[in-house]
Amino acid sequence: MQTSIDEWRGVAVGAQPDWESRAGIIAKLIRATDTVLDIGAGNQKLKKFIPPACTYVPVDCVDDLPGTFVVDFNKEFRLPDVPFNVVVCAGSLEYINDLTGFFRALAAHAPGRQVIFTYCSTRRSRSAPA
């Protein structure tokens, strides 16, 4: 399955109000001194909940918002060349075709980092593209 870039562009600029509570919960796990890679950042909802002193690095398959590191994990695995100690994958893992390969690559490229992820284990109606 290919990543539907046009559909994700719509998600990145949309409101996604149901994602607010998840971002708030995740933010409670992040310290003020952390540098956070937000994989699948979308409209960068997490950024408004983390401590203001954090360094926030959005990672997504679209570049609709300034400062986003663009990569399609269904085509390749790359991370920004910045120091970081926390990786957040909130609502993005469901859309990665080779999840085992993604986690292997993440473990190799981010050893010792804290990884926070959420995963929708059931198929349900959602506004994000499949």
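A few points about this structure:
- For segment 70-110, the average shadow cast by the Cα convex hull is 3.0 nm², which is a quarter of the hull's surface.
- Charge context of THR68, other residues only, Cβ under 10 angstrom, K/R +1, D/E -1: -4
- Amide hydrogen proximity for ALA41: with H placed 1.01 Å from N in the peptide plane, the residues at 5 or more positions away or on another chain lying under 5 Å are VAL59, ASP60.
- Backbone HN-Hα couplings from phi across segment 73-82 [Karplus 6.51/-1.76/1.60, Hz, Gly and Pro as x]: 5, 7, 10, 7, 10, 9, 10, x, 8, 9
- Net charge of Cβ neighbours under 13 Å - reference ARG78; Lys, Arg +1; Asp, Glu -1: -3
Each reported figure results from applying straightforward, stated rules to the coordinates on display, with no laboratory input. Just so you know, these numbers come straight off a predicted model, no measurement behind them. Here the Cβ is made from the backbone with ideal geometry for all residues, glycine too, and neighbour counts use every protein chain on show.
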